[in-house]
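Take a look at the structure below.
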Amino acid sequence: MLRNTATSAAGAARRAVTELAQCPKTGEKLHGFTLLRSKHVPELKLTALHLQHDKTGADYLHIARDDSNNVFSIGFQTNPPDDTGVPHILEHTTLCGSQKYPIRDPFFKMLPRTLSNFMNAFTASDHTFYPFATTNAQDFKNLMSVYMDATLHPLLKSTDFTQEGWRIGPENPQAAQTSEATPDDKKLVFKGVVYNEMKGQMSDAGYLFYIRFQDEIFPDINNSGGDPHKITDLTYEQLREYHAQHYHPSNAKIFTYGDMSLEEHLKEVNARLNAFDKLPGSQIIHRPIDLSSGPREHVISGPLDPLVAPDRQFKTSVSWIMGDTSDVLESFSLALLSTLLMDGYGSPLYRGLVESGLGTDFSPNAGYDSSGKIGIFSVGLTGVQEADMPRLKSEVHRILKDVRETGFDRTKIDGSLHQLELALKHKTANFGMSLLHRVKSKWFTGVDPFDSLAWNDTITAFEAKLAEGDYLDGLIDKYLLNDNTLTFTMAPSATFSEDLAREEQDRLAAKIKEASENAGGEAEARKRFEERELELLVEQGKSNTEDLSCLPTVHVQDIPRGKEPVQVRHDTANGVKIQWHEAPTNGLTYFRAVNTLENLPDDLRELIPLFTDSIMRLGTKDMSMEQLEDLIKLKTGGMSVGYHSTPSPTDFHLATEGIIFAGMALDRNVPAMFDLLRKLIQETDFDSPEAGQRIRQLLQASADGVVNDIASSGHQFARGFAEAGLTRNAWLRQQIGGLSQVKLVTSLANRPESDGLVDVIEKLKRIQQLALAGGNIRTALTCGAESVEQNASALTKFMSSIPTQSATLPATQPTSFAKDIKSFFPLPYQVYYGSLSLPTASYTSKEGAPLQILAQLLTHKHLHHEIREKGGAYGGGAYSRPLDGLFGFYSYRDPNPQNTLGIMRNAGQWAVDKQWTDRDIEEAKISVFQSVDAPRSVNEEGMGLFLSGITEEMKQKRREQLLDVSKDQVRDVAQQYIVDALKKGDERVAFLGEKRPWVDGTWTIHEMNIKNGD
């Protein structure tokens, strides 16, 4: 009886969060704000309240929802006046210290003082916003205070500008002051965190194509991130002036979400805003170019991709200007139209452009872009041959005309709408952040956020338009069947990288010449550059000694010693192991299965990613892929097949591997999901006449732009390769998703067109035989209690339809790990990505917890300061992978890899010698628990046990060990697993980037330049 009463009271409290009757009334005054309106959105289980600050006019949107993961964001309209990247550099420098928190980098200093599960800042094309998410009420108040003071009252010191923006200084300022200094140490170079970040971005051909396209079609909005060519034109005075103009409450949009008290939020926010008076708001609406007078063309040069066939290096697109995105119904309809035209292998534009061989994949700007005030629709391709360039526009026009004449099958429309329905039902842990991203860009361009939230209203209006007839076809007529287009092309240049380097040297020389003229000579200018660099080092040096007591914090005592375990139960049906997790899922069922394979040969394992792509591409003997895609969209929320490996939690040297299957569907569609999964795996037709060509297209699409994919997460590729020399599981993971997989895919993609890939197809057919071979399959189902019986029945039927015989593979000797301690991959980047990795201890080992704490201490107390602040890299730190038994260091977009490698090698001794304080240890524990206690989506609950064998008892023991870590334990593991291990040569190092003289004979060079498929 008491339990029912408590449940009833909790339910009433949850309803009270979102009930309109419990909310303030329109026109009501609340702590300096007036409620303008409110709206209940039942399909999202939320109530939206729109308020305005009386004194400043600041816009405020609160989303009340029964969700403990609360979100805050403050954002500002920041249309960039030029390409100097002033909004981006300002985003960085606001976080370097403020009036209430006058210390270096309070943002990064807060990372170990908060239990937040998300903290960041983002510069978009025309606005900048600062969001966080946390489940802790005190933490929410702390972070709100830091964020609002940082944005509204930043110190914006000149040293912050030179550190984060740009400066000129000696390559190695400390060494430059010594008698042993080399010319390289003294060489003057451009520095700055944002400068190096954007150099890295501009190394990405996909990003370069997209940003230059935006420059051309939307010249009214400059490059907010900053073009390295122009960043060095920005002055400190311009930065301060830009902040004064844009970071004002009258130009602000504030967002809160969750189950915490709106009144408490408003009190805090009002106290911050009241110091300001109202300024007139900007009414400027930024629009793309006018194409009404006819077609335009623009061609730029871009980098040559060394991993793609030389004759398939062009990127090109054709674009139309669409309507005002504040028409939410039309904008929704155009987004759906884009999906119908381009999404999936059966879509008309994919069939007509990619499957036909005109290009290898869609271009980065392809699709409908509704982020601006006016929408833009683009169709483009990568991997195009020069001779085929003129064909794109005529082919697109022909396809659109054919679609207009034949119309859209209602089944395809229903499939897309079904995906929206499932997206609403799926209970994610970061729903608040997703909602913020959904509304904020349109909010800044004048779209009513209430319209962005009204999903059902929009879909109902869409259905009504559809019922009138010719609606989607009419949109094609209205916007696309004309030649009012922009054709944008990026042609490959073999000298692009050299031209960039030459331009930078010329620009540097001009800046040094200008400084020399102002200083009265080059020697005097150099002296000033060196002095300023040393002054910055002194300023940066305060980071590790300053008093941080002004910063708010949560405490380890706020972290519960125990946590409610996830309840699962285990069953066996017809010899198949089943893990059941019964939980509220909004009528959805989540399915996973793993088929463990023993003695899997290397040549089959490395092709599993291609197999999983192929079964979603080739179709079966009785169904085309288009028909299968339609069924997948109509009956499921998506299905996947992939490779799975995991170390043992009790011995990280051991690993198991296999194939993993996953799917999500409405409870009523679970049998259809199982049938589709079986059909895709067992019946995909690898013997069809088109199989070879379609597999080749998959390979070419994967190879095209892979250099850019590596650049976007280069430190992860470096880390993966380094780790692969240490443990079996890391080696397996590297074969499947690392640089070895990249080399395989690019090699296969560059085989001659006459090569039918017969040997590859035979191996894919062998994987197909093994994928569902019985005997070693385990399954997991997450669903509501009401669906267990019918799901059990559907699973039994599914398992009875697959082979019962076990997969038998001859025993083989596992491939030995690479013995190279230092590996280097020459790649065409202007900055470097690197990692140093070491083996440590298993998940259940008592040393695992202090290693996790050590990683946080090194990152926040040492490496961030040395690698990012002083070294100029965009990121750097230490990591501990408890299940993998690995510890290591990484750097990202790093201009100074030699220096970084030295810092990494000395970090262990630094940790041993450091006199850690109780506060240091406390902050590191708080940092670790940000991820340990981060909210989980319902479909992720219980997966540690199912996928890797981590029991709730193991997790609880690790939790207690983490809370109890001592300073002595930290020093002991630093000595044993870093200092002593490095002395024994246990480490593995990998770096990616341009090969320079420092990459000497002690490095093993791994060339990636594959052209002939050897």
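The values are calculated or read from the model by the stated rules, or taken from the named source; none is laboratory data. Computed from a predicted model, the values in this text were never measured in an experiment. Reconstructed Cβ throughout: ideal geometry from the backbone, glycine too, with neighbour counts over all protein chains shown.
Here are the numbers for the structure shown:
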item: Residue under evaluation S837, criteria (1) under 30 Å from R996 (Cβ atoms); (2) surrounded by fewer than 18 Cβ atoms within 10 Å (Cβ to Cβ); (3) of a type in the set (S, T, Y), criterion not met; result: (2)
item: Exclusive hit being without any contact (Cβ under 8 Å) to a residue 60 or more places away in the chain, part of a loop (DSSP other than H, G, I, E, B) and surrounded by 19 or more Cβ atoms within 10 Å (Cβ to Cβ), set G375, G359, G344; result: G359
item: One residue from K393, K440 being touching a Gly at 6+ places or on another chain (Cβ under 8 Å), touching a residue at least 12 places away in the same chain (Cβ under 8 Å), under 29 Å from S125 (Cα atoms) and not in a strand (DSSP E or B); result: K440
item: Residues that are surrounded by fewer than 17 Cβ atoms within 10 Å (Cβ to Cβ) and farther than 24 Å from M119 by Cα, drawn from segment 422-439; result: A423, L424, K425
item: Sole exception among (1) more than 30 Å from the chain's Cα centre (by Cα); (2) buried (at least 17 other Cβ atoms within 10 Å of the Cβ) for I950, by number; result: (1)
item: Selection from segment 40-62 of residues that are part of a loop (DSSP other than H, G, I, E, B), among the β-branched types (V, I, T) and modelled with pLDDT under 95; result: none
item: The one condition in (1) over 22 Å from the mean Cα position of the chain (by Cα); (2) closer than 30 Å to V568 by Cα that A730 fails to fulfil; result: (1)
item: Unique residue being on the phi < 0 side of the Ramachandran plot, polar (S, T, N, Q) and under 23 Å from the mean Cα position of the chain (by Cα) when the list is T159, T151, T135; result: T135
item: Criterion violated by P183 - all others in (1) surrounded by fewer than 21 Cβ atoms within 10 Å (Cβ to Cβ); (2) closer than 28 Å to S497 by Cα; (3) touching a residue at least 12 places away in the same chain (Cβ under 8 Å) satisfied; result: (3)
item: Test result for S793, without any contact (Cβ under 8 Å) to a residue 12 or more places away in the chain, over 18 Å from E606 (Cα atoms), hydroxyl-bearing (S, T, Y) and assigned to a loop (DSSP other than H, G, I, E, B); result: no
item: Of all residues in segment 466-496 being touching an Asp or Glu at 6+ places or on another chain (Cβ under 8 Å) and among the β-branched types (V, I, T), the one that is farthest from F209 (Cα to Cα); result: T487
item: Count of segment 940-978 residues which are over 24 Å from I926 (Cβ atoms) and among the β-branched types (V, I, T); result: 1
item: Any hit, segment 296-313, residues being in contact with a helix residue (DSSP H, G or I) (Cβ under 6 Å, 6 or more places away or on another chain), within 30 Å of L634 (Cβ to Cβ), small (G, A, S) and surrounded by fewer than 23 Cβ atoms within 10 Å (Cβ to Cβ); result: no
item: Residue pairs meeting the criteria (Cβ under 8 Å; at least 6 apart or on separate chains; first of a type outside the set (S, T, N, Q), in segment 560-573; second in a loop (DSSP other than H, G, I, E, B)); result: K563/D933; V566/E941; V566/G942; V568/G942
item: Given (1) out of contact with any helix residue (DSSP H, G or I) (no Cβ under 7 Å at 6 or more places or on another chain); (2) in the same structural domain as K199 (by TED's automatic domain parsing); (3) on the phi < 0 side of the Ramachandran plot, number of the condition G520 does not satisfy; result: (3)
item: Selected residue [charged (D, E, K, R), under 25 Å from F686 (Cα atoms) and surrounded by fewer than 21 Cβ atoms within 10 Å (Cβ to Cβ)] from K797, K765, K822; result: K765
item: Flag if K765 is of a type in the set (K, R), in contact (Cβ under 8 Å) with a residue 24 or more places away in the chain and more than 30 Å from V576 (Cα to Cα); result: no
item: Wholly enclosed strands (runs of 3 or more DSSP E) of segment 83-197 bearing at least 1 residues more than 25 Å from E866 (Cα to Cα) and at pLDDT 95 or above; result: 127-134
item: Segment 254-269: number of residues that are touching a Leu at 6+ places or on another chain (Cβ under 8 Å) and surrounded by 21 or more Cβ atoms within 10 Å (Cβ to Cβ); result: 6
item: Count - residues of segment 80-125 that are among the small types (G, A, S), surrounded by fewer than 23 Cβ atoms within 10 Å (Cβ to Cβ) and touching a Gly at 6+ places or on another chain (Cβ under 8 Å); result: 1
item: Any hit, segment 461-471, residues being part of a helix (DSSP H, G or I), among the aliphatic types (A, V, I, L, M) and within 16 Å of T47 (Cα to Cα); result: no
item: H286 vs. criteria in contact (Cβ under 8 Å) with a residue 40 or more places away in the chain and either in a strand (DSSP E or B) or hydroxyl-bearing (S, T, Y) (or both); result: no
item: Answer residue from segment 881-926, given it is among the β-branched types (V, I, T) and assigned to a helix (DSSP H, G or I) and is surrounded by the fewest Cβ atoms within 10 Å (Cβ to Cβ) among those; result: V912
item: Among residues of segment 362-405, those that are within 30 Å of K440 (Cα to Cα) and of a type in the set (D, E, K, R), counted; result: 2
item: Meets criteria (surrounded by fewer than 18 Cβ atoms within 10 Å (Cβ to Cβ), farther than 30 Å from A665 by Cβ and in the same structural domain as S326 (by TED's automatic domain parsing)) for D448; result: yes
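Okay, residues lined up against (1) free of Cβ contacts under 8 Å to residues at least 24 places away in the same chain; (2) part of a loop (DSSP other than H, G, I, E, B); (3) under 29 Å from L699 (Cβ atoms); (4) not assigned by TED's automatic domain parsing to the domain that holds Q700:
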| residue | (1), (2), (3), (4) |
| --- | --- |
| R751 | no, yes, yes, no |
| S754 | yes, yes, yes, no |
| L770 | no, no, yes, no |
| P828 | no, yes, yes, yes |
| S835 | no, no, yes, yes |
| L838 | no, no, no, yes |
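Residue by residue, here is whether (1) within 30 Å of A205 (Cβ to Cβ); (2) acidic (D, E); (3) in a strand (DSSP E or B) holds:
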{"position": "K230", "(1), (2), (3)": "yes, no, no"}
{"position": "L234", "(1), (2), (3)": "yes, no, no"}
{"position": "Q238", "(1), (2), (3)": "no, no, no"}
{"position": "S250", "(1), (2), (3)": "no, no, no"}
{"position": "E264", "(1), (2), (3)": "no, yes, no"}
{"position": "D277", "(1), (2), (3)": "no, yes, no"}
{"position": "S317", "(1), (2), (3)": "yes, no, yes"}
{"position": "W320", "(1), (2), (3)": "yes, no, yes"}
